[in-house]
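I have placed the structure first, in the form of structure tokens, so that the comments after it can refer back to it.
The values are calculated or read from the model by the stated rules, or taken from the named source; none is laboratory data. The shown structure was predicted, so the numbers you read here are calculated from the model rather than taken from an experiment. As a convention, Cβ positions derive from the backbone with ideal geometry for all residues, glycine included, and neighbour counts pool all protein chains shown.
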Ligand code: AMP
Ligand code: TRP
């Protein structure tokens, strides 16, 4: 528990591209709902982002853009600690300690590693392999109780829990064993073009994803082009994965239940459904896009947030790392 007696949340997003509707509905939206009841640490995880090659200038710019997106989505910088991962050196330090307690076998079973390594077989780097250990370090450093993420992170969460327990058993009670928190319905937003694949900003087909900062026009066009099926009835079923995904998105953005939406379109075709859904999506994303553009013109304000965030984060991270170093037998530095 934190000083204020609230439970602690940690979560992060990589500044490796623009944020998609998948990021928002899978992660950011639940952050905005949880921020009032928890002591939250939200990070732009640039150290994770370099496990695949990045252009340095683009990475720098995208890190700031990601901060603007966090705030535009409704993450209140006065309530939460928002910081850049590389500003808190304890992440890399704990990563080393935990990597000596992680088995090669555990890491080679990770599906995200298997997928990403297939894409860049020629130049596989060790960081891509040990990525989940850094993620566990992020979470355990803050003694987070809860980690709101999309369900593509479930396996990584299991490792974080296992490492917390392993360390606590080998030494003594130090880490909190964190729980993953996965939003209902949208913990996996699917591609609009291939509804059996998750929506991803690295998709080579731009029609598969919607960006939060995308224009109204382009958002509506992508929804109209979304793949459905030949059944022709607005139903929520496994046999209609394209439609099910659209209904999930519609439901999450308008706070209507899946049943209400299915009822609304009884006897109507996909055309009517997509037209109204596109309007609803555009309207709910509009304020975020406007706020995002406004914030990007206020760099000093953004800087003041990540400076304050790193100072607060480092204080908590240092307490945990000092305890870890003590328990594993590192000589205390008394200077
Ligand atoms: P990333 O962009 O990979 O750093 O992911 C940031 C957060 O967004 C993580 O919590 C992911 O689980 C979540 N996320 C990314 N893509 C999706 C998706 N298509 N559906 C649901 N959640 C997602
Ligand atoms: N691995 C996460 C992703 O790709 C990002 C991440 C890094 C993260 N560290 C984290 C998420 C700690 C939650 C907690 O989506």
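Descriptive notes on the structure:
- Of everything in region 154-189 that is touching a helix residue (DSSP H, G or I) at 6+ places or on another chain (Cβ under 8 Å) and away from ligand 2 (no atom under 16 Å from the Cβ), the residue that is modelled with the lowest pLDDT is 185.
- All positions within region 199-211 that are under 19 Å from the mean Cα position of the chain (by Cα) and modelled with pLDDT of 95 or more: 199, 208, 209, 210, 211
- Some residue of region 125-146 being over 19 Å from residue 314 (Cα atoms), more than 13 Å from ligand 2 (Cβ to nearest atom) and in contact with a helix residue (DSSP H, G or I) (Cβ under 8 Å, 6 or more places away or on another chain): yes
- Residue in region 98-111 that is without any contact (Cβ under 8 Å) to a residue 24 or more places away in the chain and surrounded by 15 or more Cβ atoms within 10 Å (Cβ to Cβ) present: no
Quick grid of which residues meet (1) within 14 Å of ligand 1 (Cβ to nearest atom); (2) closer than 23 Å to residue 290 by Cβ; (3) crowded, with 19+ Cβ neighbours inside 10 Å; (4) in contact (Cβ under 8 Å) with a residue 40 or more places away in the chain:
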| site | (1), (2), (3), (4) |
| --- | --- |
| 184 | yes, no, no, no |
| 190 | yes, no, yes, yes |
| 198 | yes, no, yes, yes |
| 209 | yes, yes, yes, yes |
| 222 | no, yes, yes, no |
| 230 | no, no, no, no |
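- When each of 326, 297 is tested for being exposed (fewer than 14 other Cβ atoms within 10 Å of the Cβ) and within 30 Å of residue 99 (Cα to Cα), the lone residue that passes is 326.
- Figure legend. Inter-residue proximity from region 22-34: first residues at negative phi and touching a residue at least 60 places away in the same chain (Cβ under 8 Å), second residues in a helix (DSSP H, G or I) and more than 7 Å from ligand 1 (Cβ to nearest atom), beta-carbon distance below 6 Å, spacing 6+ or different chains. Indicated pairs: 25/252.
- Enumeration of residues in region 121-172 that are touching a residue at least 40 places away in the same chain (Cβ under 8 Å), surrounded by fewer than 15 Cβ atoms within 10 Å (Cβ to Cβ) and not in a helix (DSSP H, G or I): 125, 172
- Residues in region 166-180 that are closer than 30 Å to residue 21 by Cβ and more than 10 Å from ligand 1 (Cβ to nearest atom): 178, 179.
- Residues being at pLDDT 95 or above and under 15 Å from residue 22 (Cα atoms) - total across region 213-225: 3
- For residue 60, the criteria (1) within 13 Å of ligand 2 (Cβ to nearest atom); (2) without any contact (Cβ under 8 Å) to a residue 60 or more places away in the chain; (3) under 24 Å from residue 28 (Cα atoms) hold in every case but one, which is (1).
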